[in-house]
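Trainee: Can you read through this structure? Questions will come right after.
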Amino acid sequence: MREVVRRFFFPLYIAFFCVAAVSSFAPVQAGETWFEQAHALAGHAKVLDQQAAMEAFARGDGQGEFIVLLKRPKGVQNLTGPLQANTDKDVRRQEVRSVRDRALQAMPDLPRSVIRHRYDNLFGFSVQVDPDQLQLLLDNPHVDLIEPVRILYPHLRQGIPLQKADTYRSQYNGQGVSVAIVDTGIDYNNPYINGGTGGFPNAKVIGGYDFGEFKADPMDRNGHGTACAGIVAGEPCDSCGDYIGGVAYNAKLYALKISSTPTGGTATTAAMIAAWDWAVTHQNDDPSHPIMVISTSFGGGRHLGACDAASPGMTQAANNAVAAGITVFSSSGNDGYCDAMGWPACISSVISVGAVYDGDIGRQGWYVEAESCAPKIPDSGKWVAYDETTAADMVAVYSNSASFLDIFAPSNDAYTLQALSKGSAFAPEFGGTSAACPYAAGAAAVLQSAAKKRNGRWLPAEDIKQSLINTGDLVTDGKVAVTKPRVNLRKAMQTLGVAFQPGVMMLLLGE
């Protein structure tokens with residue numbers, strides 16, 4: 001096979017500012033440049049990350065994006081309570097609205113046009129502000145913390161037989177479940193995901209929104225989100241070569257687009273939080289197909305352990321989803337780290353997913369970060385690591401691993417769907433942890449479909465997580481000797497007491 005060196009994220013080119021520590025708040029003086037003003041404000045005790053704050057201002061040439069977290073009223077300190085009932089959600093949204101309105105009323109000089117996302121279930125909102133406007137927020141006694149918005153990248157890099165989903169997906173196939181694809185959108189006109197009619201919404205893609213560009217239409221013109229959607233719930237096809245349909249092919253889909261441009265592949269943490277928050281609010285828009293799973297194949301950063309404290313906005317959004325009974329999956333990333341993952345995979349309540357090959361695809365070379373422990377060689381200022389051989393269940397050298405990684409799932413080379421604007425309905429070589437994440441999410445949708453059908457109730461998100469972890473086949477990442485379970489849906493179903501009924505017609509899958 002032709003040797004190919006591949007890279008699976010878009011580099012972020014921004015100015016790097018070495019910001020000196022500021023021990024106390026320095027007031028802005030007339031005549032200062034935005035850089036000087038921002039430098040003075042970035043060291044304020046309410047700003048979570050000084051360097052990230054400067055980077056946020058640099059990206060917008062003095063207009064920085066931030067997540068504003070508000071002080072919660074007394075009696076609402078515990079945000080881990082259940083949010084599954086509509087009454088619980090209504091109470092939370094009323095509390096959030098009241099706190100937000102009070103905070104905004106205290107800032108009459110802050111233009112409301114700077115507010116980008118108003119979160120429903122999270123005590124906060126996101127803004128794009130200049131330093132003077134940031135000072136208004138810092139002076140507000142209702143503001144608890146200001147978190148700089150970070151940039152997220154798609155984790156680009158077959159897998160149904162490998163994770164033993166072939167038998168059970170023919171019987172429990174996502175019926176009655178919806179999965180939210182938080183990504184670059186979904187091409188809802190692709191014939192294998194268009195519900196038979198196309199257009200938005202349709203019988204398959206039943207809802208969504210564009211949080212990156214603030215539009216009602218979440219059309220995917222990048223292709224990444226459509227590829228993920230195809231792995232989760234693409235319609236079956238028995239004459240499409242290696243494409244056989246999604247893991248949970250009868251599940252419904254929500255297209256939650258977070259990418260910042262129509263065709264671009266980057267997003268912001270503020271948009272991701274808005275998408276997760278929306279999934280909680282709109283979980284029961286279709287009561288016969290509630291949102292029970294979120295799949296997010298975007299991420300960024302490097303964390304050596306759980307990052308809940310470093311990303312409080314994302315953490316609370318994830319916790320809210322789990323409290324609503326929604327299982328949240330995120331790709332671990334493709335940097336080749338041996339001891340770290342990026343956000344949101346590093347959040348404790350999120351299920352992080354690393355990647356294994358689904359078969360022998362020959363020698364492969366991948367770009368990795370300098371911090372990777374994998375043997376690597378320099379290449380035009382970058383680093384390349386090679387998998388000299390590949391095989392099913394072999395962890396890909398690019399896949400981020402760490403002691404706190406949760407699971408592995410299949411990846412390269414996934415044959416899935418793509419945006420029609422790319423010239424074809426199919427993407428024959430989709431991969432990376434971007435592919436592994438929707439494989440795991442599809443397995444969760446099958447589990448929930450079976451639980452509801454057999455037992456009359458949904459499984460808590462934590463039960464889904466523990467089932468996938470405890471029943472997976474153990475595989476070891478050779479570059480670092482980290483051993484974690486690879487999803488085995490057959491075992492997970494059996495452990496939950498769901499037996500396959502031989503009398504039901506089975507979909508026969510090829511290797």
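Trainee: Quick one: is Phe10 at pLDDT 50 or above, touching a strand residue (DSSP E or B) at 6+ places or on another chain (Cβ under 7 Å) and not polar (S, T, N, Q)?
Mentor: Against the criterion (at pLDDT 50 or above, touching a strand residue (DSSP E or B) at 6+ places or on another chain (Cβ under 7 Å) and not polar (S, T, N, Q)), Phe10 does not qualify.
Trainee: A follow-up question, please. Picking from Arg92, Arg100, Arg72, Arg150, which residue would you name as being at pLDDT 95 or above, surrounded by fewer than 24 Cβ atoms within 10 Å (Cβ to Cβ) and either of a type in the set (Lys, Arg) or under 26 Å from the mean Cα position of the chain (by Cα) (or both)? Even if it seems obvious, please write down each step before you answer.
Mentor: On the way: Arg92 fails: at pLDDT 95 or above; Arg72 fails: at pLDDT 95 or above; Arg150 fails: surrounded by fewer than 24 Cβ atoms within 10 Å (Cβ to Cβ).
Only one candidate qualifies: Arg100.
Trainee: Could you pull out the residue among Ser297, Ser352, Ser311 that is on the phi < 0 side of the Ramachandran plot, touching a helix residue (DSSP H, G or I) at 6+ places or on another chain (Cβ under 6 Å) and buried (at least 24 other Cβ atoms within 10 Å of the Cβ)?
Mentor: Numbers: Ser352 fails: touching a helix residue (DSSP H, G or I) at 6+ places or on another chain (Cβ under 6 Å); Ser311 fails: touching a helix residue (DSSP H, G or I) at 6+ places or on another chain (Cβ under 6 Å).
Selected residue: Ser297, the only one of Ser297, Ser352, Ser311 that is on the phi < 0 side of the Ramachandran plot, touching a helix residue (DSSP H, G or I) at 6+ places or on another chain (Cβ under 6 Å) and buried (at least 24 other Cβ atoms within 10 Å of the Cβ).
Trainee: Also: Given the criterion in the same structural domain as Ala443 (by TED's automatic domain parsing), at pLDDT 95 or above and under 24 Å from Ile67 (Cβ atoms), identify the matching residue among Ala233, Ala229, Ala251, Ala267. Spell out the reasoning first.
Mentor: Details: Ala233 fails: under 24 Å from Ile67 (Cβ atoms); Ala229 fails: under 24 Å from Ile67 (Cβ atoms); Ala251 fails: under 24 Å from Ile67 (Cβ atoms).
Unique residue meeting the criteria: Ala267.
Trainee: What number of residues within region 315-338 satisfy the criterion of being small (Gly, Ala, Ser) and under 14 Å from the mean Cα position of the chain (by Cα)?
Mentor: Going through region 315-338 one residue at a time, the tally reaches 7.
Trainee: Taking the options Ser434, Ser449, Ser467, name whichever one is part of a helix (DSSP H, G or I), touching a Cys at 6+ places or on another chain (Cβ under 7 Å) and assigned by TED's automatic domain parsing to the domain that holds Gly223.
Mentor: On the way: Ser449 fails: touching a Cys at 6+ places or on another chain (Cβ under 7 Å); Ser467 fails: touching a Cys at 6+ places or on another chain (Cβ under 7 Å).
That would be Ser434, the only listed residue that is part of a helix (DSSP H, G or I), touching a Cys at 6+ places or on another chain (Cβ under 7 Å) and assigned by TED's automatic domain parsing to the domain that holds Gly223.
Trainee: Find the residue count for region 323-339, including only residues that are surrounded by 24 or more Cβ atoms within 10 Å (Cβ to Cβ) and either outside any loop (DSSP other than H, G, I, E, B) or in contact with a Lys or Arg (Cβ under 8 Å, 6 or more places away or on another chain) (or both).
Mentor: 10
Trainee: At pLDDT 95 or above, of a type outside the set (S, T, N, Q), farther than 30 Å from Trp366 by Cβ and surrounded by 24 or more Cβ atoms within 10 Å (Cβ to Cβ), is that true of Val177? Spell out the reasoning first.
Mentor: Numbers: at pLDDT 95 or above: yes; of a type outside the set (S, T, N, Q): yes; farther than 30 Å from Trp366 by Cβ: yes; surrounded by 24 or more Cβ atoms within 10 Å (Cβ to Cβ): yes.
Yes, satisfied.
Trainee: Scan region 105-124 residue by residue and report those that are assigned to a loop (DSSP other than H, G, I, E, B) and out of contact with any Gly (no Cβ under 9 Å at 6 or more places or on another chain). Before the answer, list the steps.
Mentor: Narrowing region 105-124 to residues assigned to a loop (DSSP other than H, G, I, E, B): 106-111, 119-123.
Matches in region 105-124: Ala106, Met107, Pro108, Asp109, Leu110, Pro111, Asp120, Asn121, Phe123.
Trainee: Here is a follow-up. If you go through region 307-346 one residue at a time, how many are in contact with a Ser or Thr (Cβ under 9 Å, 6 or more places away or on another chain), of a type in the set (A, V, I, L, M, F, W, C) and over 16 Å from Phe408 (Cα atoms)?
Mentor: 8
Trainee: Being crowded, with 24+ Cβ neighbours inside 10 Å and within 16 Å of the chain's Cα centre (by Cα) narrows it down to one of Ala419, Ala414, Ala444, so name that one. Show your work before the answer.
Mentor: Values: Ala419 fails: within 16 Å of the chain's Cα centre (by Cα); Ala414 fails: within 16 Å of the chain's Cα centre (by Cα).
Just one listed residue meets the conditions, Ala444.
Trainee: So, in region 365-381, of the ones that are outside any loop (DSSP other than H, G, I, E, B) and under 26 Å from the mean Cα position of the chain (by Cα), which residue ends up nearest to Ser311 (Cα to Cα)?
Mentor: Within region 365-381, the subset outside any loop (DSSP other than H, G, I, E, B) is 365-368, 376-379.
Next cut, under 26 Å from the mean Cα position of the chain (by Cα) only: 365-368.
Values: Gly365: 32, Trp366: 29, Tyr367: 27, Val368: 24 Å.
Step by step, filter region 365-381, then rank; the result is Val368.
The values are calculated or read from the model by the stated rules, or taken from the named source; none is laboratory data. Quick caveat: nothing in here was measured; it's all calculated off a predicted structure. A quick note on method: Cβ atoms are made from the backbone with ideal geometry, for glycine too, and the neighbour counts reach across all protein chains shown.
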